[in-house]
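Here's the structure, in structure tokens; my notes come after.
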Amino acid sequence: MPTADAPVAGTAVDGDRIAALFAAQRQGVAVRRVSFDYAARLVALERLRDALVRREADIVAALAADFGKPATEVLLTEILPVRQEIAHARRHLRRWMRPRRVRPTLGLIGTAARVRPEPKGVCLIIAPWNYPLNLALGPLVSALAAGNAVMLKPSELAPATSTLIASLIAETFPPGLVAVVEGDAAVAERLLALPFDHIFFTGSPAVGRIVMAAAARTLASVTLELGGKSPAIVGPGADPRKAARWIAWGKFANAGQTCIAPDHVFVHRSVADRLVAALEAEIARAYGADPSARRHSPDYARIVSRRHADRLHDLIESATAAGAQVLAGGEADPVARYVAPTLIARTTLDMAVSQEEIFGPVLPVIAYDDLDQVIARIDAGPKPLALYVFDRSRSFAEAITARTSSGAVGINLTLAHFLHVGLPFGGIGQSGIGAAHGEHGFRAFSHEKAILRDRFSVTPLLFPPYTPLVQRLVRLTLRLLG
Ligand code: NAD
């Protein structure tokens, strides 16, 4: 564990430097409120976009080094979302920043009301390893659009991407505006001790609790983008082939290390066999016809670390030892950080695979007869980050949407809601607090300042001394307004 002043994670970041960076950003807050205006924010966003274009090959190489992520997947799931956030923010920033007029209320006739978004100040972003670029720079776009200075801590578990982010940011922004601090939990804890104005955390629910406890000490506001088990439900009216295409992509892209990946699938018994056959066909189509081809597929990512690969291997082994059946895949080579795309059936609730977030390419397929039982089971657990429904019937999807609570619902698709910049992206309860993306991200990093200006209001008529006339006016006001 690094001590207070020891260098951390290969970079010369120490406690004093963290404190100095924070102090410099803090000192600039008052000036930035005026100088970091619309035009300056556009420039900052353009600079970030240019850096992403300039360093594209380095980004692809870093993600290949960290977990063998296919280049096309890097473009689609790491670079595209951030560039899209930038383009969207540039297009709409003027409107987002504009003070909104609010109609006067009856009691305050003669006043003018506005809500003006202002930057929170100095914000902390802590990112996870699974989409290490996207989930570090996506929130940064929102934070800059909202006019903040940012300290950003990438994940130490994706070290090549962490180093790349540090250099990309250092050549793009002065540290007084954006500073990257590399390192592990100890560094994160040191950062969390500082009085940030907002903390934007993406990661596990367990660490989310630590972050929120730390934020309580300084009363920083938080956005927590957490995880959990996101179910898919395939109804009796689903097209099994279409469902399988989306589920296989959602589950096996990034080797299942996706916060909104379908964790497990409930399938109506009448279509279960067809869905499993279609999933097997989809795995073969996407990653190779046999285990050896899949093992060497350039389109299939590796698990981030030996420890995580061991954990997934254990999940499969312990489930099969307890009676679960592997329908496809099941092979794992933790040393090479490889876990095959795996379908597993006959899981029971007491198995670890049914209890913890799988976060890997292992898909339990659970046949159901009674939808009420599926809904009761979802309701009994923590609220999921995403819930997916597959069925041709809109009323089936609508009924499930109405009867369950989750961060988002995807109907006849998976993951794609992440790419819709107009939708709030976030969880509820244990899957998170607050929302990211587009205007929702801008608001997360802004304070909505209420401004009320007197023009010809009659409120002073109610000021003391409380003469009989004032008393009568107060009574009248009460009757009129209440
Ligand atoms: P994690 O919680 O282990 O780590 C996330 C970040 O927190 C890292 O930067 C890490 O260094 C830091 N951290 C670790 N321990 C800490 C501590 N004690 N105090 C402060 N910071 C600490 O998560 P992970 O393993 O990187 O990511 C996987 C989890 O993240 C999964 O649960 C997944 O569902 C979730 N996730 C959620 C989203 C989302 O948008 N909702 C996106 C990606 C991942």
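Where a number appears in this text, it was derived from the coordinates with a stated rule and is not lab data. Being a predicted model, the structure only gives us computed values, none of them experimental. Quick reminder, even Gly has a Cβ in these numbers, built from the backbone with ideal geometry, and neighbours come from all protein chains shown.
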Rotationally averaged projected area of the stretch 231-424 (alpha carbon convex hull; nm²): 10.4 nm²
Nonlocal amide H pairs with L343, under 5 Å, H built at 1.01 Å: L327, A328, G329, G330, L363
Added length on full extension, which subtracts the Cα-Cα distance from 0.36 nm per residue, S270 to K242: 8.5 nm
Computed lengthening from D379 to Q27, 0.36 nm per intervening residue step minus Cα-Cα distance: 122.0 nm
Charged-residue dipole, Cβ positions (Lys, Arg, Asp, Glu), the stretch 70-117 about Cα centre, Debye nearest 20: 620 debye
Value at 222 nm in deg cm²/dmol, rounded to 500, when DSSP H runs of n ≥ 4 in the chain each add -39,500 (n - 2.57): -13500 deg cm²/dmol
Distance (nanometres) between label positions extended 7 Å along Cα→Cβ at L80 and R114: 4.0 nm
Charge dipole (the chain, unit charges on Cβ, about Cα centre) - positive-most of P174, P154, P104: P104
Approximate spin-label separation A61-E171, in nm, with each point projected 7 Å along Cα-to-Cβ: 1.1 nm
Under 19 Å from the Cα of K69 - lysines, other chains or at least 8 residues apart: K251
Cα centroid separation, the stretch 275-352 to the stretch 442-477 (Å): 65 Å
Most positive-pole-ward Cα, Q27, A309, A399, against dipole of the chain from beta carbon charges: Q27
Förster-model FRET efficiency, 30 Å R0, R98 and V458, C-beta, rounded to 0.05: 0.50
Using alpha-carbon coordinates, inclination of helix 269-287 to the longest axis of the chain, degrees: 90 degrees
The chain, dipole about Cα centre (Lys/Arg Cβ +1, Asp/Glu Cβ -1), debye to the nearest 20: 2680 debye
Antiparallel bridge percentage (DSSP; both residues within the stretch 277-426; nearest 5): 40 percent
The chain: relative contact order as a whole-number percent, Cα under 8 Å and 6+ apart: 18 percent
Rel. contact order, % - alpha carbon contacts under 8 angstrom, at least six apart, the stretch 1-145: 25 percent
Residue (of A319, T72, I428) at the positive-pole extreme of the chain, dipole from beta-carbon charges: I428
Shape parameters for the chain, alpha-carbon atoms, Rg then Dmax in Å: 25.5, 92
